[in-house]
Amino acid sequence: MELINMTYMNIPYILGKEPISFPQFNSIWKVQADDAYNIITSEGFVVPGLFITYEGKGILSQGNDRYELHAGTFFFVQEGIPSEYKCQDNNWKFYYLDFNSLDAIRNLQLPVSKVETTGKVAEAVLLCERIIDTLIAESFGYAYSSNIFLQQLLVLFARELESGQTSRQTELNNILIYIHRNMDKGIRVEELIERSGLSRTSFFSRFRALTGQSPSEYMQNLKLESAKVSLETTSLSVKEISSQLQFYDEFHFSKLFKRKYGQSPSNWRSSRGT
């Protein structure tokens, strides 16, 4: 007997409608300062910027506010505020990057005008050095590369801050990825609980808080979405689709599909000319 290899259609992963604004990179400074270093600007910074201190300490004053930028911190500075920044205790090593807008920083929920401690200094230093190397070499596409490294730097800090916010339920991210990668398999909820390392009660409450659905509802809706794409883009029969996605049978699949989308699988396919 000849074995026929069938496949299921994954769902499209769409970025969404939320507008994305990317900062336009301008320049980067690598500064190793002693007590002679003291910059005063009565008109403030022309564009926003980012201090990343990896050794020593500096003092930044903006208007009536004073900030200590010590090793292992980053600080997003606003433009247009009278400013002074200087070395403290004869040692301040930092990178300063400037760019055209703080919109992306705010979208990423990064703090502005607040000293933030980071455990990602080594990774940040590496990205800053890659920007500098790119600007020195000016290889093809270097302007794009510089902006990409800046975006990676912002995401690095944003993810670090986000990882400490338990309200985002980030411990379930791997569970969601596992479900999506294996939607054609008969995944048991008990298996997901075991993979999460959480108690049954915590798993269910956190899963619903993150997705708005129970694990079973989430997996069923994912399979139905995949089935819908298969109906629209392949010639697989309803029976083949239901079998590949591990529904009980094609009649059970058709019932669930109609309940969700208001049409039977066959009518859905024919109404879209496929």
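The values are calculated or read from the model by the stated rules, or taken from the named source; none is laboratory data. Being a predicted model, the structure only gives us computed values, none of them experimental. When we count neighbours, we look across all protein chains shown, and the Cβ atoms used for this are built from the backbone with ideal geometry, even at glycine.
Things to note:
- Matching residues, the range 222-270, being within 34 Å of the chain's Cα centre (by Cα) and among the acidic types (Asp, Glu): Glu225, Glu232
- Unique match (being out of contact with any Lys or Arg (no Cβ under 7 Å at 6 or more places or on another chain) and free of Cβ contacts under 8 Å to residues at least 60 places away in the same chain) among Ile28, Ile81: Ile81
- When each of Glu79, Glu171 is tested for being of a type in the set (D, E, K, R) and farther than 30 Å from Phe204 by Cα, the lone residue that passes is Glu79.
- Considering residues of the range 19-62 that are under 18 Å from Ile131 (Cα atoms) and aromatic (Phe, Trp, Tyr) only, the residue surrounded by the fewest Cβ atoms within 10 Å (Cβ to Cβ): Trp29
- Residue list for the range 112-144, restricted to those being under 20 Å from Gly58 (Cβ atoms) and touching a Leu at 6+ places or on another chain (Cβ under 8 Å): Val112, Val115, Glu116, Lys120, Ala124, Cys128
One line per residue, one yes/no per condition, for (1) of a type in the set (A, V, I, L, M); (2) touching a strand residue (DSSP E or B) at 6+ places or on another chain (Cβ under 7 Å); (3) surrounded by 16 or more Cβ atoms within 10 Å (Cβ to Cβ); (4) not assigned by TED's automatic domain parsing to the domain that holds Pro48:
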residue	(1), (2), (3), (4)
Gln109	no, no, no, no
Ala122	yes, no, no, no
Leu126	yes, no, no, no
Arg130	no, no, yes, no
Asp133	no, no, no, no
Ser145	no, no, yes, no
Phe157	no, yes, yes, no
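Quick grid of which residues meet (1) closer than 30 Å to Pro12 by Cα; (2) β-branched (Val, Ile, Thr); (3) in contact with a Pro (Cβ under 6 Å, 6 or more places away or on another chain):
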residue	(1), (2), (3)
Val112	no, yes, no
Gly119	no, no, no
Leu156	yes, no, no
Ser163	yes, no, no
Ile175	yes, yes, no
Ile179	yes, yes, no
Asp184	yes, no, no
Leu198	yes, no, no
Phe207	yes, no, yes
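- Residues located in the range 83-104, provided they are modelled with pLDDT of 95 or more and in contact with a helix residue (DSSP H, G or I) (Cβ under 8 Å, 6 or more places away or on another chain): Tyr95, Leu97, Phe99
- The listed residue being under 20 Å from the mean Cα position of the chain (by Cα) and touching a residue at least 40 places away in the same chain (Cβ under 8 Å), out of Leu127, Leu102: Leu102
- Tabulated pairs, the range 34-46, first within 21 Å of Trp92 (Cα to Cα) and of a type in the set (Ser, Thr, Tyr), second modelled with pLDDT of 95 or more and part of a loop (DSSP other than H, G, I, E, B), C-beta under 8 angstrom, 6+ apart or interchain: Thr41/Pro82
- Only strands (runs of 3 or more DSSP E) whose full extent lies in the range 61-168 are considered here, and the ones with at least 2 residues that are over 20 Å from Trp29 (Cα atoms) are 65-70.
- Of all positions in the range 32-50, none carries a residue that is modelled with pLDDT of 95 or more, charged (D, E, K, R) and in a strand (DSSP E or B).
- Test: residue in the range 187-210 that is within 19 Å of Ile175 (Cβ to Cβ), in contact with a Phe, Trp or Tyr (Cβ under 7 Å, 6 or more places away or on another chain), assigned by TED's automatic domain parsing to the domain that holds Ile177 and among the small types (Gly, Ala, Ser): yes
- Of residues in the range 71-82 being surrounded by fewer than 18 Cβ atoms within 10 Å (Cβ to Cβ) and at negative phi, the one nearest to the chain's Cα centre (by Cα): Gln78
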